[in-house]
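To start, the structure itself, in structure tokens.
The values are calculated or read from the model by the stated rules, or taken from the named source; none is laboratory data. Keep in mind the model is a prediction, meaning the values are calculated, not measured. Cβ sites come from the backbone with ideal geometry, for glycine too, and all protein chains shown count toward neighbours.
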Amino acid sequence: MDPRVLHFTPLGLGGAMEPEDAATFQQRIMANLVLADDVAQSTRDKFEQLRTCYIQGVLCYDLFTLVADAAGLALEQALRDRFTAHHGGTVTARNEAGREYQIVYTNYLDFFEQYKKLRGSKICMGRTGTWTRFNAMLEGLLTWARHEGLLRGQRNRHNEQVKRALRNLTAHGTFHLLTPVDAARVLSDLAEIINHLWGHSTPGGRLYPAPVTRDVVAIGWNKATGAVTAGHAAQLAHERRGKDDEFTYVLARAVFSPGEHVDPNLMEYDALYATTYYPTQYLWGPGTGAQAIAWFEETAPEPDSSDHLDQIFVVRAHDGVVHLPMYPAVAAGLQPKEQQGTWYAVCADGPNEVFSHTRAFATAVNGHARTGQCRECPVDVIARGDFTTVLRAAESVGADVRTVPVPDVRTAFADLVVPRFVAVSP
């Protein structure tokens, strides 16, 4: 047993564990990493090889580093296997001269050799069949998977570029030493990516989480004291029993499962603007606790689920200020005066990235894209223009733009810490 491993415990770094306990702990970590049944067998075999080597790291600490480095190569193999299955044995390629060829293959290596000989430079990608440059290596495979919708999420898009760089560093790199924690994280991410390539999200995942449950939540605040509270609407009657109605309430579908998932920005809820980490849907309010209880009991709204990857937001820049992002359906209800200015439709995993990106290029910070994917921020600017143009662009990529009337209401805490707009100076 390598003595360095003994200090990695379920509670973090600490005193040395017994060798048997350390081995059991590392085995349990790997037992949680499972690939879906329909993942290609060659990818499954490679991943199992990495899991086995990780467990052997309790005997040789350096194996953790070798496993983490090899994970980059396993990612490329997974992408190759998925590419092979997706195209079903035939790929149409186009060379630099614009001539098209049908490549019939039996495996990825067969495709790769023919593609090089034909000097292919582009293949059709995505639902629209767009001719896109393809180098048949990791970078090209990641681009292909993105176009085909097999990989999602703007934060993940940035992570994919990091993984590509790390893979290249491994191929040409120098000596380094990683911990069991590093290796376990790399393998966990790899499992999520592989499963998602085959259409499976990961419950509680870091990169490709399954949709999270949104419960009906009562969010209340007291303007006099500044206190803000949140809890399940079904428990509001019990919680408010015998108390004065000194709080103002709104009811919303939000991520609120204490002990599992709780939206970290729920206390900053704003019905007009997107201020929460997960999408939050306005239902009722504002009103007193008694009114909230009556509406909930009469209407009986049900929980639902929400996917927060690749959300569509619209954001406004006007008269030297940048406003907070809005959901398109909420923005559709704005009055003509509120529609003035330059608008942007932006794809992102959360509103904070949208606001930061918009503020950055509004102040002429170099490197931030006005349209398309930004290299600096995990956002994709879909459209830029007037209100109507941007709303139509949002609808064209799947956003619901049917008007959702909401009141101009936000919590007392949001009033204190989240201004609705920020002045910018180019």
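Evaluate the range 99-108: report whether one residue or more is buried (at least 17 other Cβ atoms within 10 Å of the Cβ) and closer than 28 Å to Arg375 by Cα. No; the residues of the range 99-108 include none that is buried (at least 17 other Cβ atoms within 10 Å of the Cβ) and closer than 28 Å to Arg375 by Cα.
The set of residues from the range 263-303 being part of a helix (DSSP H, G or I) and among the aromatic types (Phe, Trp, Tyr) comprises Trp295, Phe296. Within the range 369-383, does at least one residue satisfy the condition of being assigned to a helix (DSSP H, G or I) and among the aliphatic types (A, V, I, L, M)? For the range 369-383, residues assigned to a helix (DSSP H, G or I) and among the aliphatic types (A, V, I, L, M): absent. If you filter the range 202-235 down to residues that are in contact (Cβ under 8 Å) with a residue 24 or more places away in the chain and polar (S, T, N, Q), you find that the one that is surrounded by the most Cβ atoms within 10 Å (Cβ to Cβ) is Thr213. For the range 304-325, enumerate the residues that are surrounded by fewer than 18 Cβ atoms within 10 Å (Cβ to Cβ) and assigned to a strand (DSSP E or B). Within the range 304-325, Asp304, Ser305, Ser306, His318, Val321 qualify.
Regarding Val330, is this residue in contact (Cβ under 8 Å) with a residue 24 or more places away in the chain, within 24 Å of Leu251 (Cβ to Cβ) and either in a helix (DSSP H, G or I) or out of contact with any Leu (no Cβ under 8 Å at 6 or more places or on another chain) (or both)? Taking the combined requirement at face value, the residue satisfies it. In the range 221-232, the count of residues that are assigned to a strand (DSSP E or B) and aliphatic (A, V, I, L, M) is one or more. Number of residues in the range 66-125 that are hydroxyl-bearing (Ser, Thr, Tyr) and either at pLDDT below 90 or in contact with a Pro (Cβ under 7 Å, 6 or more places away or on another chain) (or both) equals 1. Screening Leu197, Leu236 for residues that are touching a helix residue (DSSP H, G or I) at 6+ places or on another chain (Cβ under 6 Å), of a type in the set (A, V, I, L, M, F, W, C) and at pLDDT 95 or above leaves exactly one candidate, Leu197. Are any residues in the range 177-201 farther than 24 Å from Arg157 by Cβ and either of a type in the set (S, T, N, Q) or not assigned by TED's automatic domain parsing to the domain that holds Thr24 (or both), and if so, which ones? Within the range 177-201, just Thr179 meets the criteria.
Applying the condition of being hydroxyl-bearing (Ser, Thr, Tyr) and surrounded by fewer than 20 Cβ atoms within 10 Å (Cβ to Cβ) to the range 49-84 and asking which residue is nearest to Tyr108 (Cα to Cα) yields Thr52. Inside the range 346-368, residues that are basic (Lys, Arg) and either in a strand (DSSP E or B) or without any contact (Cβ under 8 Å) to a residue 60 or more places away in the chain (or both) make up a count of 0.
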